[in-house]
1. Is region 263-275 home to any residue that is buried (at least 22 other Cβ atoms within 10 Å of the Cβ) and within 17 Å of Glu190 (Cβ to Cβ)?
2. For Ala298, indicate whether it is under 25 Å from the mean Cα position of the chain (by Cα) and either aliphatic (A, V, I, L, M) or at pLDDT below 95 (or both).
3. Filter region 162-186 down to residues that are in contact with a helix residue (DSSP H, G or I) (Cβ under 7 Å, 6 or more places away or on another chain) and either on the phi > 0 side of the Ramachandran plot or assigned to a helix (DSSP H, G or I) (or both) and give me whichever is surrounded by the most Cβ atoms within 10 Å (Cβ to Cβ).
4. Being out of contact with any Phe, Trp or Tyr (no Cβ under 9 Å at 6 or more places or on another chain) and surrounded by fewer than 24 Cβ atoms within 10 Å (Cβ to Cβ) is the filter here; which residues of region 9-25 pass it?
5. Which residue, of Glu147, Glu90, Glu127, is within 23 Å of the chain's Cα centre (by Cα) and free of Cβ contacts under 8 Å to residues at least 24 places away in the same chain?
6. Any residue at all in region 49-71 that is charged (D, E, K, R), over 16 Å from Trp16 (Cβ atoms) and under 18 Å from the mean Cα position of the chain (by Cα)?
7. Looking only at region 250-274, which residues are touching a residue at least 12 places away in the same chain (Cβ under 8 Å), of a type in the set (Val, Ile, Thr) and over 16 Å from Thr308 (Cβ atoms)?
8. Return only the number of the condition from (1) over 17 Å from Pro306 (Cα atoms); (2) buried (at least 24 other Cβ atoms within 10 Å of the Cβ) that Ile247 does not satisfy.
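The values are calculated or read from the model by the stated rules, or taken from the named source; none is laboratory data. Being a predicted model, the structure only gives us computed values, none of them experimental. Here the Cβ positions follow ideal geometry from the backbone for every residue, glycine too, while neighbour counts run over all protein chains shown.
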Amino acid sequence: MQDQKAAIAVVGAGSWGTALAMVLADNSHEVRLWSHNEVQVKEINDCHTNKKYLPEIVLPDLIIGYASLHEALDGVDTVILAVPTKAIREVLGKIRGVISSPITIAHVSKGIEPDTLLRISEMINEEMPKELLRDVVVLSGPSHAEEVSLRHPTTVTVSSENMAAAEKIQDLFINHNFRVYTNSDIIGVEIGGALKNIIALAAGITDGLGYGDNAKAALMTRGLAEIARLGTKMGANPLTFSGLTGIGDLIVTCTSVHSRNWRAGNLLGKGKTLDEVLDNMGMVVEGVRTTKAAYQLAKEYNVNMPITAALYDVLFNGKNAKDAVDVLMARGKTHEMEDLVNVLDERNI
């Protein structure tokens, strides 16, 4: 059963924040869509469009744009945080400066902070005073904003340390186009959502090199093994990686032209430099920062992640993309199920 009509703030008016605002509006909620860009806010309110991020889409009337964060959050107890990982701490600092009562934050970003190696829920808990934060929820899964905005069938997962809070977010979003499942494994949900961007970058590279479907299938399969290896070491349930935020998100991000991480990798495979790729994209490519974080996590947890290491060399050490793929193919022989057996042994499953 859905909640009664509520005022909900969506902080971040990029493609994903806007698409989720549409889902909430379709469920008859009053949606306050915040952007730091006043021109964008004026377009949202005057034209009911957000053409930079979702061309051709008409926004529901229940979506109101706000340039003032104080006004957007006034009287709201649920905030959807839809900003890139690198902006999260700055935005949270602004949020805690304008609210006076506790809120539930549902974040929809997919990344890990380099150097601190914190998941986004951990960053939120670190930045928000306990008296101002009721719960943290993550919403993740295979969901391109372009398709959600067209109301194409989509399934996602919500997770939290407090499952009642996750179920509240589930009720706010679920409808006949947007199905929402719950999962109590917040570590696995966040790790799967973040690390699949690394594999999508690598899949784009293999496509850019013209290596075809065989190579991409192998990369995705072995990439999922890497994600599960690290995630399980960090405390996740290995079964989570066979679900929507594991293999589901991996499939959609590695195979679709909507995926900015795949597109970025594709350009790298065609010989563009990282700086050229990022200039060309015009939007944040979360997989770049996440590759650095995952490379650091692999060392910290002593986990073998050859695809991540190869991509790290391409992105940050200037290694030729083809040479990196050749190194992966020349690795020593092993048993395909060795990783899975080790994971299950560690968890006594």
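1. no
2. On the way: under 25 Å from the mean Cα position of the chain (by Cα): yes; either aliphatic (A, V, I, L, M) or at pLDDT below 95 (or both): yes.
Considered against the rule, which asks whether it is under 25 Å from the mean Cα position of the chain (by Cα) and either aliphatic (A, V, I, L, M) or at pLDDT below 95 (or both), Ala298 comes out as yes.
3. The extreme case among them is Ile186.
4. Hit for region 9-25 is Ala25, nothing else.
5. Only one candidate passes the filter, namely Glu90.
6. For region 49-71, residues charged (D, E, K, R), over 16 Å from Trp16 (Cβ atoms) and under 18 Å from the mean Cα position of the chain (by Cα): absent.
7. Of everything in region 250-274, those that are touching a residue at least 12 places away in the same chain (Cβ under 8 Å), of a type in the set (Val, Ile, Thr) and over 16 Å from Thr308 (Cβ atoms) turn out to be Ile251, Val252, Thr255.
8. Result: Ile247 fails condition (2) only.
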